[in-house]
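**Student:** Take a look at this one; I'll ask things after.
Any read-out appearing in this document is the output of simple, stated calculations on the displayed coordinates, not a laboratory observation. This one's a predicted model, so the numbers in the text were calculated from it and none came from an experiment. Here the Cβ positions follow ideal geometry from the backbone for every residue, glycine too, while neighbour counts run over all protein chains shown.
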Amino acid sequence: MPRGTRVHAPGNPILADGYYSTDPAPVVIGDTLWILAGRDEAPADVNDFVMKEWQLLSTQDPVSGDWVHYPAIARPETVFAWAEPARAYAGQIVQARDGRLYLYAPVVEKGSDAEDRFAIGVAVADSPTGPWRDAHPSGPIVSQRVPVRNDIQNIDPTVLIDDDGRVYLYWGTFGELRRIELARDMVTPIGPERRITGLTGFFEAPWIMKRRGVYYMLYAGNTAGPGSDCTPAIYHACIAYGTAPSPMGPWTYRGVVLKPVSSTTSHPGAVDFKGRWYLAYHTADAVGGGHFRRSVAIDPMLFDDSVTPAAILPVVATQRARPAPLPSRNIAGAATVEASNEPVPVRYWLAALNDGIVRANPLPPDMWGSRAGPARQWIAYRWDAPVTLDGARVRFWADQPAGSRTGIAPPKRWWLEYWDRGWKRARRARGFGTGVDGVQSASFARVTTRCLRAVFATAGDARGHAGVAVQEWEALAPHLQAVAARDPAAPSAPPCG
């Protein structure tokens, strides 16, 4: 077995120093919990999945935080002669009844004439660290051509070996979930390919498991909107689940296991290890992390056995203890946020305004934004008690040039108002640039207030007005101070007026 590197993780994510891990797939082999993961290698300003290899983490006790890291245990092109390099997407290792290990991996098939060339291959090994060899050298077991023609993207495989020895493969993405039975050789598809329904908001990343006779399907869900139990923004995903009385279904949606995390994607992997269930997932919480630089986390997963079928209780996502925040003039993190266009369009996320994160190449949920018009819009902060302010900083985003009346453009101008028995415009105001290539600063005469709002005059004319978008809005106190971020579970600050 290749030598691994010992890692102590005092909390999530497990790897936190810039070596990224993603799409966790836990498996118990003997007395050890292993997690298969991909590796994100995208630069900070690249919005694409740059994933060339798989890696492993192992532990005898997840609670201890002691892990062994095995990097680069396999690459698509070294395992499958028919696969192109890179795109080592979410796979899963399962242990067959004969003790051998099988890796189900989505890779890109070279030389294929399929519209989408993602396909699922199967590799076999005697150890999770390999060496892995192709168990079906003639090609993939699932693609847009085999075992029957389909028109979906064939990724995210998950496999269940049932108590009777029958083997079931599930896979899919973009709202399409499929199932097929495999022969006991773990490789050969038998019977028809079936489409699975009943799992509300299914987007991708299925994970099949069985507990006390009930079949559970965890998945990345994307039912978005202000009233959704999953996520307010379409780019983000929750981890939802459904149950069924058999591997064939019927499947019934049961709820949300994990709310959206810091990465837009979410990927579940659940396992019973030494009598305790754990949920593995990924976040953007590592140093330098992002939506394409994700890191594996793991937390306990509990069940409510007082109901039938037993319900999965919401998992609390934990993080490593963080140092106390450095003193700062920016006190926006302690405020409640609101906007003139609530409910905010599902592309955007109001909570992004004061999360302290500005990305090199943001996705829509990394900002607050609006659709076209009206001519004047605003965003506002409310604090629990009066605060003293004399400045602000804004980071705009746009996909259209200044002056455009369509899409998202920089505002024509903006200003600040504070609450004092009514909204009043900040005096002696300076700055207020509208560029999108950096932070736009503003200063004004010191005020003490409980509410501050930024008002935007949007670009356009009588035929229409562009929308506006803000990645981050800082509210600045005159002096440095220690400010704790507002607890998302805390009640909102009272409205002004």
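**Student:** Placing +1 at every Lys and Arg Cβ and -1 at every Asp and Glu Cβ, with all other atoms neutral, what dipole size does the chain have around its Cα centre, in debye to the nearest 20?
**Tutor:** Here the chain has a charge dipole of around 1760 debye.
**Student:** Go through V167, P157, G225 and say which Cα lies farthest out towards the positive end of the charge dipole of the range 155-226; charges sit on Cβ, +1 for Lys and Arg, -1 for Asp and Glu.
**Tutor:** Among V167, P157, G225, the one farthest towards the positive end of the dipole of the range 155-226 is G225.
**Student:** What is the distance in Å between the Cα centroid of the range 94-153 and that of the range 172-190?
**Tutor:** Taking the Cα centre of the range 172-190 as reference, the centre of the range 94-153 is 11 Å away.
**Student:** Next question, about the same structure. Given +1 on the Cβ of Lys and Arg, -1 on the Cβ of Asp and Glu, and no further charges, what dipole in debye does the range 180-302 carry about its Cα centre, rounded to the nearest 20?
**Tutor:** With only Lys, Arg, Asp and Glu charged at Cβ, the dipole is about 260 debye.
**Student:** Mind giving me the FRET efficiency for E115 and D66? R0 is 41 Å, r the Cβ-Cβ distance, nearest 0.05 is fine.
**Tutor:** 0.35
**Student:** Rank T434, G460, A485 by how far each Cα sits towards the positive end of the charge dipole of the range 370-497 (+1 on Lys, Arg Cβ; -1 on Asp, Glu Cβ) and give me just the farthest.
**Tutor:** The Cα lying farthest towards the positive end belongs to G460.
**Student:** What does the highest-first list of 347-354, 80-87, 212-219, 271-278 look like by mean Cβ count within 10 Å?
**Tutor:** Descending packing order for the listed peptides: 347-354, 212-219, 80-87, 271-278.
**Student:** Oh, and also: State to the nearest 20 debye the size of the charge dipole of the range 328-481 about its Cα centre, where the only charges are +1 on K and R beta carbons and -1 on D and E beta carbons.
**Tutor:** 580
**Student:** Could you point to the label whose value was computed as semi-axes √(5λ) of the Cα gyration tensor in Å for the structure here, given (1) 53, 27, 20; (2) 33, 30, 21; (3) 46, 24, 21?
**Tutor:** (3)
**Student:** Right, another one. Could you tally the net charge around R39, taking each other residue with its Cβ under 13 Å from the Cβ of R39, Lys/Arg +1 and Asp/Glu -1?
**Tutor:** +1
**Student:** Taking 1 over the mean of 1/r across every pair of different Cα atoms in the range 170-210, what Kirkwood radius in Å do you get?
**Tutor:** 11.2
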